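Engineer: Have a look at this one.
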Amino acid sequence: MSDSDAPAPVTPSEDTAVELFRALKRQIEDGRVELRLDFKRLNHMDSPVGSEADSNIFAYAVLALTLFVLWWRGWIAAGVTALVGIAIYYTIGLAYVRRRLRRRVGERGLSELAMWQRLWRFGGASLVAGSEICEAPAGNWMALVRSQRREGEK
């Protein structure tokens, strides 16, 4: 049997889901792919990365402060306190919730393939590479990663 008759060595496919997921993380880290988040969707209680506790911190604080002011100064002062608390939530509070959500997507959503797939099926994320946009859950993130891989080879 000659060397030319020997079967070619089997090389693992670069297109397995695990390899494409690793490539996606590298592309996001390198800035070739941007991960955009729909915070309203991802803050839902069924979201794999959502946390009700983030929003509740502000709700409980405003409620407690409003009740204290109601006892201390009466209805009008309590109403003003509640309105100010709501305004603070929609400015500072939402920024805090979004920052925590973005961090959880980075830490948990991109930690392993199974969690990424749950997040992608849930929706609320999109991948942007140049003019190409891939939105969850309908878009095919693997195809986007493949196309970016080919672009990187050119």
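The values are calculated or read from the model by the stated rules, or taken from the named source; none is laboratory data. Given the structure is predicted, the values throughout are model-derived calculations rather than measurements. Note that each Cβ is placed from the backbone with ideal geometry, even for glycine, and that neighbours are counted across all protein chains shown.
Yes/no per residue for (1) out of contact with any Leu (no Cβ under 6 Å at 6 or more places or on another chain); (2) of a type in the set (Phe, Trp, Tyr):
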{"site": "Leu24", "(1), (2)": "yes, no"}
{"site": "Leu42", "(1), (2)": "no, no"}
{"site": "Phe58", "(1), (2)": "yes, yes"}
{"site": "Phe68", "(1), (2)": "yes, yes"}
{"site": "Arg73", "(1), (2)": "yes, no"}
{"site": "Ala82", "(1), (2)": "yes, no"}
{"site": "Thr91", "(1), (2)": "yes, no"}
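Engineer: In addition: Residues of segment 114-135 being within 11 Å of the chain's Cα centre (by Cα) and either modelled with pLDDT under 95 or buried (at least 19 other Cβ atoms within 10 Å of the Cβ) (or both), which ones?
Structural biologist: Within segment 114-135, Trp116, Leu119, Trp120, Phe122, Gly124, Ala125, Leu127 qualify.
Engineer: Can you work out which of the residues in segment 30-67 that are among the acidic types (Asp, Glu) and modelled with pLDDT under 95 is nearest to Leu83 (Cα to Cα)? Write out each step before concluding.
Structural biologist: Pass one, segment 30-67, residues among the acidic types (Asp, Glu): 30, 34, 38, 46, 52, 54.
Within this subset, residues satisfying the condition of being modelled with pLDDT under 95 are 30, 46, 52, 54.
Numbers: Asp30: 43, Asp46: 29, Glu52: 21, Asp54: 20 Å.
My answer is Asp54.
Listed here are the residues, each with its yes/no results for (1) under 28 Å from Ala136 (Cβ atoms); (2) among the small types (Gly, Ala, Ser).
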site: Leu63; (1), (2): no, no
site: Ala78; (1), (2): no, yes
site: Arg99; (1), (2): yes, no
site: Gly109; (1), (2): yes, yes
site: Leu113; (1), (2): yes, no
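Engineer: Can you confirm whether segment 74-92 contains a residue that is surrounded by 15 or more Cβ atoms within 10 Å (Cβ to Cβ), of a type in the set (A, V, I, L, M, F, W, C) and under 16 Å from Asn43 (Cβ atoms)?
Structural biologist: Checked against the condition, which is being surrounded by 15 or more Cβ atoms within 10 Å (Cβ to Cβ), of a type in the set (A, V, I, L, M, F, W, C) and under 16 Å from Asn43 (Cβ atoms), segment 74-92 yields no hits at all.
Engineer: Then there is this: Within segment 51-154, which helices (runs of 4 or more DSSP H) (wholly inside it) include 1 or more residues that are touching a residue at least 40 places away in the same chain (Cβ under 8 Å)?
Structural biologist: Numbers: elements: 52-73, 75-88, 94-104, 113-122, 141-153.
In segment 51-154, 52-73, 94-104, 113-122, 141-153 are the helices (runs of 4 or more DSSP H) which contain 1 or more residues that are touching a residue at least 40 places away in the same chain (Cβ under 8 Å).
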